[in-house]
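Student: Supplied in structure tokens, the structure appears directly below.
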Amino acid sequence: MKNNARVYVVGHRNPDTDSICSAIAYSELRRLQGVENIQPARAGNLNQQTEFVLERLNMPVPERLSDVHPRIKDVVTEEVVTIHESAPMSKAIELYHKHHIRMLPVVDDEFHPKGMLLLKTATEVFLVPSEPDKLRRVRASLASIQQCLSATGHHLREPDQVENFNLYVGARCEASFSRWVEEIVPEKTILITGDRSGIQKMAIDAGVRLLIVSGKSEISTEYLEEARERGVSILISPYDTANSVWLTRMATPVGELVDDDFLRVSPNDLLDDLRLKLLHSKNPGAIVVSPDERVWGIATKSHLIKSSPVKLMLVDHNELSQAVPGAEKVEILEVVDHHRLGNFHTDTPIRFINQPLGSTCSLVATLFQQAGIDPQPKIAGLMLAGLLSDTVILKSPTTTEIDRQLVPWLESLSGLDHQLFGGELFASGSPMASGAPARELLLTDFKEYTVGDHLLGLGQVEVVNFHSFYQRHVELQNELKTIRDEKGYELAALLVTDIVMETSLLLTAGPNELPYIMGYPQQDQNLYRLDGVLSRKKQLVPHLMKVFKAG
């Protein structure tokens, strides 16, 4: 049984320092509170500031989740039961009964799939043949018949060759049997008889392909020698005649019964894709094949209704448009956030913690305090980093009294001075001056917002002066227009915040009427000055909400 249950604590798609640090810290808190198989994750690439924080505190980078769409490997957890292509049908019947299954992947020596054997197919072929003559037809090898009967063999000729036989029982009197011998095709005949030396003799003289002596009956040394000379293969079966007949009919190698036109899928295929394939296929299931072409499992329609073992706890966001792709397809257990409420719905009640603090790390820190748990120094350092980053070292108007009260507590636990540490954070490399491509710079800290029928895309970057921005102004403007066209935004914009002067510039790509409705002084074409604006969440977004609602 494959156990892949896991809980990821993850922030939004364009993670900033607060998003990453709160994911790590909250994961640690819930682990200490008894949540099993929990780990932090990220839904995007780290920015330079976050890389600095993790390196400074010697913390590992969380696992990257490109998406959490349920995949076949998430729901196919049963150990796969297979059968070798050379095994007799009797073995397949045994496996169907033992494991309560209806499908068997047929494999070769390398465990590569050769086809799918369905219980329905087996019953149709062996139990309800459409023509009476088919009851005596057997397609098998002498070796598979011997295996089925657990028989003792004598000078078996070409035992591994699969052939078409007609099966007969030597139950007549010898007089009538002699006439029967004239009617058969000896080289295609299997005869089963018991301790009837006359019948055994006539069968050997006729040169039948295989003589099966049932019930552990004796056959003379003289007959064995004659059979060897005439090329007649002999099996001594421990079963009576009736059971020997049944098992001989069940000796067909399963490889002879399968169609190589089977449905093949990969463990990493999306569950939604499996649903479509099964819907438009005659097959009731698919063979799951690993990258090395070996059978990995069986996927059926029953797997489509199984829940994904991947569970999520969201931090620093509560809108699915900002969440890791596929979040709407899995169970969301908890949300811890400090942003406005979005269009978020769940099927069952969940733990939802939302407070208007300066950072999600501030909120997580209060949860540590409420639980009576002092975080380890590194975890305290992470929460301090997220708090200082989101509040711009407590200068942002989003900063609350609770944020300020948390700083001394986190300083004492982490051994860090918030002023020195905060200076290191923002000196660790401004994206604007780093030489990063314009698109990367715009999307590093980028979020989407919905206002009525309008979709807005807003990025933000902090600088220590506007000099580097002015140098790249035209390049950024062109790329912003491209992003707006690609995504269909009503407005795409970049908020450039000078954390020293505590003011911002807003570069826009929007509708023609924007200068008349923006409400901020226009400094240049598509560029507005926002004196005193530091927070996208608390200052810019509420203003734009009013602007576009009114529009």
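Student: Read through the list (1) farther than 18 Å from Glu51 by Cα; (2) assigned to a helix (DSSP H, G or I), then give the number of the only condition that Thr398 fails.
Tutor: Condition not satisfied by Thr398: (2).
Student: Okay, moving on. Cβ-Cβ under 6 Å, sequence separation 6+ or interchain: first residue in segment 282-301 and in contact (Cβ under 8 Å) with a residue 40 or more places away in the chain and of a type outside the set (Phe, Trp, Tyr), partner part of a helix (DSSP H, G or I) and surrounded by 23 or more Cβ atoms within 10 Å (Cβ to Cβ). Which pairs?
Tutor: Filtered contacts from segment 282-301: Ala299/Leu274.
Student: How many residues does segment 200-212 hold that are crowded, with 24+ Cβ neighbours inside 10 Å and part of a loop (DSSP other than H, G, I, E, B)?
Tutor: Summing the residues that are crowded, with 24+ Cβ neighbours inside 10 Å and part of a loop (DSSP other than H, G, I, E, B) in segment 200-212 gives 1.
Student: Now for a different question. Do the conditions hold for Arg484, that is, is it part of a helix (DSSP H, G or I), among the basic types (Lys, Arg), touching an Asp or Glu at 6+ places or on another chain (Cβ under 7 Å) and closer than 30 Å to Leu320 by Cα?
Tutor: Spelling it out, it is not the case that Arg484 is part of a helix (DSSP H, G or I), among the basic types (Lys, Arg), touching an Asp or Glu at 6+ places or on another chain (Cβ under 7 Å) and closer than 30 Å to Leu320 by Cα.
Student: Hey, among the residues in segment 365-386 that are of a type in the set (A, V, I, L, M) and more than 34 Å from the chain's Cα centre (by Cα), which one's surrounded by the fewest Cβ atoms within 10 Å (Cβ to Cβ)?
Tutor: Ala371
Student: Looking for whichever is in a loop (DSSP other than H, G, I, E, B), buried (at least 17 other Cβ atoms within 10 Å of the Cβ) and touching a residue at least 24 places away in the same chain (Cβ under 8 Å) here; the options are Val533, Val500. Which one fits?
Tutor: After ruling out the rest, the residue left standing is Val533.
Student: While we're here: Consider Glu218 against the criteria (1) modelled with pLDDT of 95 or more; (2) assigned by TED's automatic domain parsing to the domain that holds Tyr168; (3) surrounded by fewer than 19 Cβ atoms within 10 Å (Cβ to Cβ): it satisfies all of them except one. Which criterion is unmet?
Tutor: With respect to (1) modelled with pLDDT of 95 or more; (2) assigned by TED's automatic domain parsing to the domain that holds Tyr168; (3) surrounded by fewer than 19 Cβ atoms within 10 Å (Cβ to Cβ), Glu218 is out only on (1).
Student: Which of the residues that make up segment 186-199 are of a type in the set (S, T, N, Q) and buried (at least 24 other Cβ atoms within 10 Å of the Cβ)?
Tutor: If the condition is that a residue be of a type in the set (S, T, N, Q) and buried (at least 24 other Cβ atoms within 10 Å of the Cβ), then Thr193 is the only one that fits.
Student: Checking Gln405 against (1) touching a residue at least 60 places away in the same chain (Cβ under 8 Å); (2) outside any loop (DSSP other than H, G, I, E, B); (3) surrounded by fewer than 18 Cβ atoms within 10 Å (Cβ to Cβ), only one condition comes out false. Which one?
Tutor: Against the list (1) touching a residue at least 60 places away in the same chain (Cβ under 8 Å); (2) outside any loop (DSSP other than H, G, I, E, B); (3) surrounded by fewer than 18 Cβ atoms within 10 Å (Cβ to Cβ), Gln405 comes up short only on (1).
Student: For a quick check of your reading of the model, give me the residue pairs whose first member lies in segment 517-529 and is over 13 Å from Leu505 (Cβ atoms), whose second is in a loop (DSSP other than H, G, I, E, B), with beta-carbon atoms closer than 8 Å and at least 6 apart or on different chains.
Tutor: What qualifies is Ile517/Gly551.
Student: Can Glu124 be described as over 28 Å from Leu167 (Cβ atoms) and of a type in the set (Asp, Glu)?
Tutor: No; evaluated as a whole, the condition is false for this residue.
Student: Being in a helix (DSSP H, G or I) and surrounded by fewer than 16 Cβ atoms within 10 Å (Cβ to Cβ) is the filter here; which residues of segment 446-472 pass it?
Tutor: Passing the criteria: His467, Tyr470, Gln471.
Student: Which pairs do you get when a residue that is at positive phi and at pLDDT 80 or above, found in segment 152-179, comes within reach of a residue that is part of a strand (DSSP E or B) and not hydroxyl-bearing (Ser, Thr, Tyr), reach meaning Cβ atoms under 8 angstrom, with the pair 6+ apart or on two chains?
Tutor: Short answer, once both residue conditions are applied: His155/Ile234.
Student: Output the residues belonging to segment 238-264 that are part of a loop (DSSP other than H, G, I, E, B) and under 20 Å from Glu158 (Cβ atoms).
Tutor: Ala251, Thr252
Student: For Glu79, which of the numbered conditions (1) within 11 Å of Gly297 (Cα to Cα); (2) among the acidic types (Asp, Glu); (3) assigned to a helix (DSSP H, G or I) fails to hold?
Tutor: Unmet for Glu79, out of (1) within 11 Å of Gly297 (Cα to Cα); (2) among the acidic types (Asp, Glu); (3) assigned to a helix (DSSP H, G or I): (3).
Okay, residues lined up against (1) of a type in the set (A, V, I, L, M); (2) touching a strand residue (DSSP E or B) at 6+ places or on another chain (Cβ under 7 Å); (3) at pLDDT 95 or above:
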residue: Ala41; (1), (2), (3): yes, yes, yes
residue: Leu46; (1), (2), (3): yes, no, no
residue: Gln49; (1), (2), (3): no, no, no
residue: Pro60; (1), (2), (3): no, no, yes
residue: Thr77; (1), (2), (3): no, no, no
residue: Val80; (1), (2), (3): yes, yes, no
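Student: Among the residues of segment 25-66, count how many are among the small types (Gly, Ala, Ser) and surrounded by fewer than 20 Cβ atoms within 10 Å (Cβ to Cβ).
Tutor: Going through segment 25-66 one residue at a time, the tally reaches 2.
Student: May I ask you to list the residues in segment 461-496 that are aromatic (Phe, Trp, Tyr) and in contact (Cβ under 8 Å) with a residue 24 or more places away in the chain?
Tutor: Phe466, Phe469, Tyr489, listed by residue number.
Student: With the checklist (1) of a type outside the set (S, T, N, Q); (2) crowded, with 17+ Cβ neighbours inside 10 Å; (3) in a loop (DSSP other than H, G, I, E, B) in hand, flag the one item Met545 doesn't pass.
Tutor: Among (1) of a type outside the set (S, T, N, Q); (2) crowded, with 17+ Cβ neighbours inside 10 Å; (3) in a loop (DSSP other than H, G, I, E, B), the lone unmet condition for Met545 is (3).
Student: On the basis of being crowded, with 16+ Cβ neighbours inside 10 Å, of a type in the set (Val, Ile, Thr) and either assigned by TED's automatic domain parsing to the domain that holds Leu455 or not in a loop (DSSP other than H, G, I, E, B) (or both), does Val324 make the cut?
Tutor: No: the conditions fail for Val324.
Student: Please find, within segment 57-108, the residue that is nearest to Ser321 (Cα to Cα) out of those that are touching a helix residue (DSSP H, G or I) at 6+ places or on another chain (Cβ under 7 Å) and of a type in the set (Lys, Arg).
Tutor: Of everything passing the filter in segment 57-108, Arg71 is nearest to Ser321 (Cα to Cα).
Rundown of residues vs (1) touching a strand residue (DSSP E or B) at 6+ places or on another chain (Cβ under 9 Å); (2) touching a residue at least 40 places away in the same chain (Cβ under 8 Å); (3) on the phi > 0 side of the Ramachandran plot, yes/no style:
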| site | (1), (2), (3) |
| --- | --- |
| Arg209 | yes, yes, no |
| Val213 | yes, no, no |
| Asn243 | no, no, no |
| Pro253 | yes, yes, no |
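Student: Can you pull out every residue in segment 333-352 that is modelled with pLDDT under 95 and among the β-branched types (Val, Ile, Thr)?
Tutor: Thr346, Thr348, Ile350
The values are calculated or read from the model by the stated rules, or taken from the named source; none is laboratory data. Every value quoted in this text rests on a predicted model; they were computed, and no experiment measured them. Note: ideal-geometry Cβ built from the backbone for every residue, glycine included; neighbour counts use all protein chains shown.
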